[in-house]
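The values are calculated or read from the model by the stated rules, or taken from the named source; none is laboratory data. All values derive from a computational prediction rather than experimental measurement. Methodologically, a virtual Cβ is constructed for each residue, glycine included, from the backbone with ideal geometry; neighbour enumeration extends over all protein chains shown. Remember, those area values only see protein heavy atoms, side chains included, never the ligands or the DNA or RNA. Shrake-Rupley method; radii C 1.70, N 1.55, O 1.52, S 1.80 Å.
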Amino acid sequence: MEPAARSLADWLRSWPDERLAALLQARPDLAVPVPSDMGVLAARAAVRLSVLRALEQLDAFTLALLDGMVLSDDTTSLEALQGLVAGAASPARLRAGVDRLRDLALVWGPDDALRVVGPVRDVVAPAAAGLGRPVATLLARLRQKDVEPVARTLGLDGVAAIVELFADATRLGDLLATAGPAERRVLEALASGSPLGQVQDARRAVEASATDSPVRWLLAHGLLVPIDDSTVELPREVGLLVRGASALGTLHPEPPPLETTAVGVAKVDAAATQAAAEVVSKVEALLESWALRPPTVLRAGGLGVRELKRSAQSADTSETTAALLIEVAAAAGLFDQSQGVDPSWVPTPAFDTWLSSPPELRWARLATAWLTMPRLPGLVGERDDRDKVLAPLGPELERSGAPAERRRVLDAVATADPGRSVARTSLTAFLVWSAPRRGGRMRDLLHRWTLEEAEVLGLTGRGGLASFARALLDGDEAGAAKRLGALLPDPLDHVLVQPDLTVVAPGPLERELARELALVADVESTGGATVFRVGEETVRRALDAGRSAGDLHELFRSRSRTPVPQSLTYLIDDVARRHGRMRVGVASTYLRCDDEALLTEVIAARKTAPLRLRRLAPTVLVTGQPLDQVLELVRAAGYAPAAEAPDGALLLASDDVRRTPLRQRPHRYAESTVPPEQAALSVGALRAGDLAARAARRAPVTTTRSTTADTLAFLQQAARERRQVWLGYVDAQGRSTSRVVEPRGVEGGFLTAWDHLRQEDRTFALHRVTGVADVDGG
């Protein structure tokens, strides 16, 4: 390191390229755009917002070390910090913490002269080490008449004298010694916790003789300072003296241990695998329903409450889980809003590709989308500042820090041995210690939501991280899918038909069988096995879709491992016999039937009265209502009509499956990252720009040009000696630039040189050169 560095820029300039690249990766906001020189990099590192982001990366112990540095006036040393730590941490742990602060450019300088970057001090100082503000700051906020009683009690004259007393540890100690046991207990409570306390009439003038309470005595002697009518604050000098050797408070150099319970790898994987299979199935069911009946997009963006409830019913899950699945599917690009005046949420062509993939690949795509999406599904149903309910897919769910926080929680769970579950309370304590300033007021909610969502999506099972999820966190998506595929049961080609007209699928079904069964039966319950129920309406639905009674008999005969009950055979035959005896078409809408008595019965039925049926002929009734409404009401009256096409053929129920192209749009918030390759290139450009800037500052400023012969001779000599030179140049557009180059050769009126600014060989016309100078010699 460069012990004689005079500024943060000089300190950064002395770093090796690898360390600078690590800084740009740890603080990506410093790298975009690439700083032109070290001065710009140092200035960005001192921006308040960038400092706040960097502080979020520090653990509790490192933050405590930073507090200790801030408590010093200007510089401090590693030895002085060791005294503040008072044996709570080993020298190696102390040095690791200081190195972390230096690596993030929050602190700079050698071990014996550590300096805190200015804005860092401004951010940390008001609450450094949990202490109050200096007495000078507190007294400066008071009126003169409020300070005079304290000065009289202390036998001093004015604010300056009080500040001088508090700055002298010996005199302040003598003053503390006059406090009684009750007053000491108040001071110790405020020194070990928050420096703020509540008391009525805090600004009321108190004389030395007032001893009605310990707080009043402390106010009278300036050991507590009122900051408003009901709040008092313990001055920093008093807090430090009361703490004694533990100036930084209770320190925890190491993270709290995670409490784990042995569950077993097989049990964790089994639970996670079942959840993974269910989430794939539910997303498929949800988006299949959206393809038939796309929900509309709210004006403000997002999905309405009613549509969320309908989606939850389609996926046979809770509204909370449905909101999670919707957000994850959107992040995976499986649906998007359609174009037009009244857009709706419609699956994209990517959904068809996803459907054709094996279940393990489908899960991997969903899990990866969840890990990287900058949105918080847990906010759905909460209310914003305007008391408005937050909707799924709405813009209010965007949170740039969500992916990083999600990974942080799962990485913490991954530290436990495979097959062990992690207690949530200990995990929360671990996460709070590792980044106390991260997460804000929603920190605990973020941790809880991440764990709950990971359980639903199948990354964890029974509180432990699944083996295939570990591979996914390591970036091996293909390996994670392969491991999950080995755990998933093979799709079944059979079901179990029960006498009560239920059909049990003891596991995941082959895709074709699942589609046929969903057509002729409704899901009654899910879990390890899925239970379907066959009824008159479901059989009619299959017949409307073009299946015949023979097709349905063959389906159950060939696919059931149990005998097909007679009740199911009779149900299919009865519905098929009645199905289509009556036909409905568009006339506006007509009903025709060869059985005149049946039509007479229909027209007289009370449930069909809203249709206002009129007999057009002995075998024909007409109505002005649409076909689908006529079908619904006539069926509700107990009849089984079938739809008829204009040519008299049976009109098959064919749902209009919609698709919309996926639109590429950036997120409103984005947390940038800098890949290693980009960081290395940025460091190269930064070095070149810094070299050019320093050379330009040292270059002679003249109003006269050197002769071409002098310039030519200078550049030829520099090419022979392979030394760097400063080059002033005017480009074809007339713009003047200055750069550092390393001449390779001069020939034919052109200079060939390595341009450190562009990081490439370039050719310069000699007649456009405005000046040359040695980089080292100025």
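Solvent-accessible surface (1.4 Å probe) assigned to E747 amounts to roughly 150 Å².
Sorted from longest to shortest, the spans of the Cα atoms of region 92-249 along the three principal axes equal 54, 30, 29 Å.
According to the Cα-based calculation, Rg over Rh for region 93-150 is 1.20, with Rh computed by the Kirkwood formula. Computed from Cα positions, the angle between helix 17-26 and the longest principal axis of the chain comes to roughly 50 degrees. Each of [x] 39, 32, 26; [y] 68, 34, 28; [z] 70, 42, 26 is a candidate for semi-axes √(5λ) of the Cα gyration tensor in Å; the one calculated from this structure is [z]. Each principal axis of the Cα cloud of region 732-776 was evaluated for its coordinate range; sorted largest first, these ranges are 25, 23, 20 Å.
Computed with a 1.4 Å probe over protein heavy atoms only, the accessible area of D387 comes to about 100 Å².
Scattering from region 46-127 was approximated by placing one identical point on each alpha carbon and applying the Debye formula without solvent; log10 I(q)/I(0) at 0.13, 0.16, 0.23 1/Å stands at -0.34, -0.52, -1.12.
Using packing as a proxy for protection, rank 87-94, 326-333 so that the peptide with the highest average count of other Cβ atoms within 10 Å comes first. It would help to have the intermediate numbers written out before the result.
On the way: 87-94: 14.4, 326-333: 22.8.
Going from most to least packed, we get 326-333, 87-94.
Take the chain with all the other protein chains still there, run a 1.4 Å probe, and you get 49 Å² of accessible area per residue. Plainly put, region 568-658 has a radius of gyration that is 0.97 times its Kirkwood radius, both from alpha-carbon atoms, as the Rg/Rh ratio. Highest mean first, the peptides 167-177, 550-560, 96-106 sorted by other C-beta atoms within 10 Å per residue fall in the order 96-106, 550-560, 167-177.
Scaling against 2.2 N^0.38 Å puts the C-alpha radius of gyration of region 300-390 at 1.15. Here the chain exposes an accessible surface that is 52 percent carbon and sulfur, computed with a 1.4 Å probe and the other protein chains kept in place.
Radius of gyration (Cα atoms) of region 366-509, expressed as a multiple of 2.2 N^0.38 Å: 1.28. Counting only protein heavy atoms and using a 1.4 Å probe, the accessible area of K267 comes to about 110 Å². If you line up the long axis of helix 402-414 against the longest principal axis of the chain, both from Cα atoms, how many degrees apart are they, to the nearest 10? With rounding to tens, the tilt is 90 degrees. Taking the helices alone, the chain has a mean residue ellipticity at 222 nm of -14000 deg cm²/dmol, built from -39,500 (n - 2.57) per DSSP H run of at least 4 residues and averaged over all its residues. The lysines whose alpha-carbon is closer than 21 Å to the alpha-carbon of K388, local same-chain residues fewer than 8 away aside, are K309. Under a 5 Å amide H cut-off, with hydrogens placed 1.01 Å from N, G333 pairs with nothing among residues at least 5 apart or on other chains. In straight-distance terms, cross-link reach from K482 covers every one of the lysines whose alpha-carbon lies under 24 Å from its own, apart from those fewer than eight places away in the same chain; here that gives K267, K282. Residues whose amide H lies under 5 Å from that of E382, counting only those 5 or more places away or on a different chain, are L390; hydrogens are built 1.01 Å from N in the peptide plane. The largest-to-smallest principal axis extents of the Cα set in region 163-291 are 80, 36, 26 Å. Take 513-520, 635-642, 192-199 and order them by the average number of nearby Cβ atoms within 10 Å per residue, most first; the result is 513-520, 635-642, 192-199.
Size descriptors for region 227-305: radius of gyration and Dmax over Cα atoms are 28.2, 73 Å. Helix 443-457 and the longest principal axis of the Cα set of the chain meet at an angle near 40°.
Amide H contacts for G771 (H built 1.01 Å from N in the peptide plane; partners 5 or more residues away or on another chain; cut-off under 5 Å): G728.
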